[in-house]
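Data first, discussion second: the structure below is written as structure tokens.
FYI, it's all coordinate maths here, none of it is from the lab. Bear in mind that the values here come from a model prediction, so they are computed numbers and not experimental data. Note that each Cβ is placed from the backbone with ideal geometry, even for glycine, and that neighbours are counted across all protein chains shown.
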Amino acid sequence: MKNDPSPIYDSRLELVDRLFTGTGPTYDSMVHWATFGIDRLWKRRMLELIPEGNGPVLDLACGTGISTLSIARRFPHRQVVGVELRDEYLQLAREKIRREATDNVELVLCRAEDFHSATRFDCITSSYLAKYADLPLLTRNCRDMLRPEGVLMMHDFTYPPRPALIAVWRLYFMVMKQTVARVFPAWQEIYQGLPRLIEETQWLATLQDSLARNRFSDVRLEYLTLYGSAIVRAVNAPDDGDDEARRLAEEPAAARQPPA
Ligand SMILES: C[S@@+](CC[C@H](N)C(=O)[O-])C[C@H]1O[C@@H](n2cnc3c(N)ncnc32)[C@H](O)[C@@H]1O
């Protein structure tokens, strides 16, 4: 972990903690029922986009393990690693793994941006992480952990682009705030904070910029269900031996100064 956290680092962690504390036990039901089952369709689409093969898959911000476990079930011969920041959710994922006696999943308690592995993954996925993450840092680390031609896939909410869709979107959150959040107080922070977060996030632009800087290829953007969310998918271009030059170009000049 970082020794000297920046204010941005602190505020992101603080936000995630404030939004999610206490939501673990109801998370799976909430994400299913409050999206009218649409979350399941979105996760299924992510699953379809994972390339066939035998290599390991990394699921970042795995939460209670919904997608991690569905990847593990869909590819029983593949190793699946789930990384999650909050122990509250990870404990629930561990319990599911124990119940299902799943033997191809490993869970790691860690901030996604701080996770490093010598394993070269076939595919790295994440759902609902992008808007909280330091995407330039995360993209660079993902590139290092993907095999050449490996696929990076990030899914998150998007703010609809058209007035009619925005009206439906606002109505949805208003109803949720007045109903669900009142019945389930642990969800109040999420229904208060999420609409603004989705409206203000620049995750799509930042991620696409970071992918270009890290020379990912075949970048594809797919909007889902009335522009309610999107998946960005990109391929780790094969190494042309120029990686050291790229890293030096990105590194702040001060970090390259020799010690006095
Ligand atoms: C809405 S939940 C999604 C969980 C899971 N991906 C799913 O789709 O069900 C968002 C998760 O992201 C985690 N998270 C947020 N920022 C993170 C970070 N920087 N590193 C790792 N996990 C993070 C939160 O703790 C939370 O579990």
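A few comments on the model shown:
- Subtracting the Cα-Cα distance of residue 98 and residue 28 from 0.36 nm times their residue separation leaves 23.5 nm of extension gain.
- Sum of -39500 (n - 2.57) over DSSP H runs of 4+, divided by residues of the chain (222 nm, nearest 500): -14000 deg cm²/dmol
- Restricting attention to the chain, lysine pairs at least eight places apart or on different chains and with alpha-carbon atoms under 24 angstrom apart total 4.
- Within the stretch 78-93: backbone nitrogen closer than 19 Å to the residue 117 label point (7 Å, Cα to C-beta): 78-87, 89-93
- Beta bridges assigned by DSSP with both partners in the chain are antiparallel in approximately 40 percent of cases.
- Listing 33, 203 from fewest to most neighbouring C-beta atoms within 10 Å gives 33, 203.
- Evaluated at q = 0.18 Å⁻¹: base-10 log I(q)/I(0), Debye formula over Cα of the stretch 107-212: -0.94
- Coarse-grained scattering of the chain at q = 0.08, 0.10 Å⁻¹, given as base-10 log I(q)/I(0) from a Debye sum over alpha-carbon atoms: -0.33, -0.51
- Relative to the dominant Cα principal axis of the chain, helix 24-33 is inclined by about 70°.
- A Förster radius of 22 Å combined with the Cβ-Cβ distance from residue 110 to residue 223 puts the calculated FRET efficiency at roughly 0.15.
- Extension gain for residue 209 to residue 182 (0.36 nm times residue separation, less C-alpha to C-alpha distance): 5.8 nm.
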